[in-house]
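Reviewing the structure listed below.
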Amino acid sequence: MAAAEALKQPGPRPGGDPAAGEATPRCPACGAALRDLARPRLLRCPRCGLCRRRPVQGRRDREELILHHREVDPHARVAQAKAVFYERALDTLGEAFPRRPRRLLDVGCGWGDFLERAMRRGWGASGVEILPEAVAAARRRLPGAQLHLGPLGAIPLSAGEVQAVTFWDVLDHVEDPATELAAAHSLLDRGGMVGIRIRNASVQLWLRRADRLVGALRRRPPRKRLHVLHRFAFTPAALLRLLARSGFEKIRIENAPLTAGDPYGHSLRVPPLPLLKAVGASAAGLLFAASGGKLLLSPSLLAWARKP
């Protein structure tokens with residue numbers, strides 16, 4: 001779908017938590033009324049396919065996110081598994097902004113792994129993160145970076161101060177993706193670029209079904225829960241609509257490179273997950289090329305877009 005078409009559709013209602021505060025939750029990408037799927041707490045947009053979970057009763061989104069990253073996410077292993085992706089992303093950004101000085105803001109920067117690589121390539125680095133222990137560790141690790149604890153909206157940067165803003169596996173966790181992208185748009189210089197890596201809703205729903213089937217068949221050893229759907233899951237159409245409505249142009253969405261190995265420890269012994277990933281990535285790449293970029297079947301999406 002072209003960005004111009006996305007802009008013609010009715011937009012979401014501004015402000016508030018659309019799942020918690022409305023009788024009929026609205027899609028943050030296109031504004032359509034979300035519908036319940038045959039699963040607890042899961043909603044889906046009939047127009048663009050976006051999925052979202054209802055918030056846990058009595059628990060704020062940020063508290064739920066912090067709990068997830070403290071108890072579920074093996075930070076060091078995941079960062080190592082994303083090394084190839086980080087380097088490719090920096091290749092893209094380096095080609096777009098070859099001149100220095102240049103500054104990059106990483107939203108949800110964690111322990112600073114991506115920022116460290118960016119600084120090696122000559123980027124001025126800023127990061128924002130809601131985990132206090134992650135910010136403290138990143139400050140010790142990267143004394144030359146500007147690291148901020150708290151939400152993106154409270155970051156002390158001026159409008160137009162950065163050339164790139166990155167959301168690596170972050171936009172599916174936030175309370176309001178449209179608000180986050182609006183803040184990123186404001187901080188970007190003219191011609192600045194936003195980069196987003198996010199779960200692909202259609203593929204992740206299939207993975208969730210497969211995970212449940214495997215769980216019914218396996219008895220020993222105990223399975224580790226597969227976290228494939230977070231607060232939001234975007235289809236390519238939903239991500240395109242949201243970026244277009246947030247004021248971005250020259251939107252490009254492609255299959256995201258997969259993380260290497262099995263950092264979360266979900267691998268089945270036969271066949272091994274790394275082998276399945278390699279086969280799946282090859283098949284997704286072939287289908288993407290054969291369809292002229294229309295079929296995106298990787299578990300995650302990679303989007304790039306420019307501020308006019």
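Within the stretch 112-129, is there a residue that is within 24 Å of residue 259 (Cβ to Cβ), more than 20 Å from the chain's Cα centre (by Cα) and either buried (at least 16 other Cβ atoms within 10 Å of the Cβ) or modelled with pLDDT under 95 (or both)? There is at least one residue in the stretch 112-129 that is within 24 Å of residue 259 (Cβ to Cβ), more than 20 Å from the chain's Cα centre (by Cα) and either buried (at least 16 other Cβ atoms within 10 Å of the Cβ) or modelled with pLDDT under 95 (or both). The set of residues in the stretch 178-206 being assigned to a helix (DSSP H, G or I) and either within 20 Å of residue 46 (Cα to Cα) or touching a His at 6+ places or on another chain (Cβ under 8 Å) (or both) consists of 178, 201, 202, 203, 204, 205, 206.
Which ones in the stretch 39-54 are at pLDDT 65 or above and surrounded by fewer than 17 Cβ atoms within 10 Å (Cβ to Cβ)? Correct list: 41, 46, 54.
Does residue 107 satisfy being touching a Cys at 6+ places or on another chain (Cβ under 9 Å) and crowded, with 19+ Cβ neighbours inside 10 Å?
On the way: touching a Cys at 6+ places or on another chain (Cβ under 9 Å): no; crowded, with 19+ Cβ neighbours inside 10 Å: yes.
The answer is no for residue 107.
Among the residues making up the stretch 89-105, a single one is within 16 Å of the chain's Cα centre (by Cα) and closer than 17 Å to residue 300 by Cβ: 89.
One residue stands out in the stretch 134-177 among those that are loosely packed, with under 15 Cβ neighbours inside 10 Å and part of a loop (DSSP other than H, G, I, E, B): the one that is modelled with the lowest pLDDT, namely 156.
Of the helices (runs of 4 or more DSSP H) that lie entirely inside the stretch 73-121, those containing 1 or more residues that are among the polar types (S, T, N, Q) and under 21 Å from residue 161 (Cα atoms) span 83-96. Between 219, 225, the distinction of being surrounded by fewer than 18 Cβ atoms within 10 Å (Cβ to Cβ), in contact with an Asp or Glu (Cβ under 9 Å, 6 or more places away or on another chain) and modelled with pLDDT under 65 belongs to 225 only. Scanning the stretch 282-297 for residues that are in a loop (DSSP other than H, G, I, E, B) and more than 19 Å from residue 233 (Cα to Cα) turns up 291, 292, 293. Residue count for the stretch 286-307 satisfying the condition of being more than 26 Å from residue 182 (Cα to Cα), surrounded by 15 or more Cβ atoms within 10 Å (Cβ to Cβ) and either in contact (Cβ under 8 Å) with a residue 24 or more places away in the chain or touching a Cys at 6+ places or on another chain (Cβ under 8 Å) (or both): 3.
The values are calculated or read from the model by the stated rules, or taken from the named source; none is laboratory data. All values reported here derive from a predicted model rather than from experimental measurement. Reconstructed Cβ throughout: ideal geometry from the backbone, glycine too, with neighbour counts over all protein chains shown.
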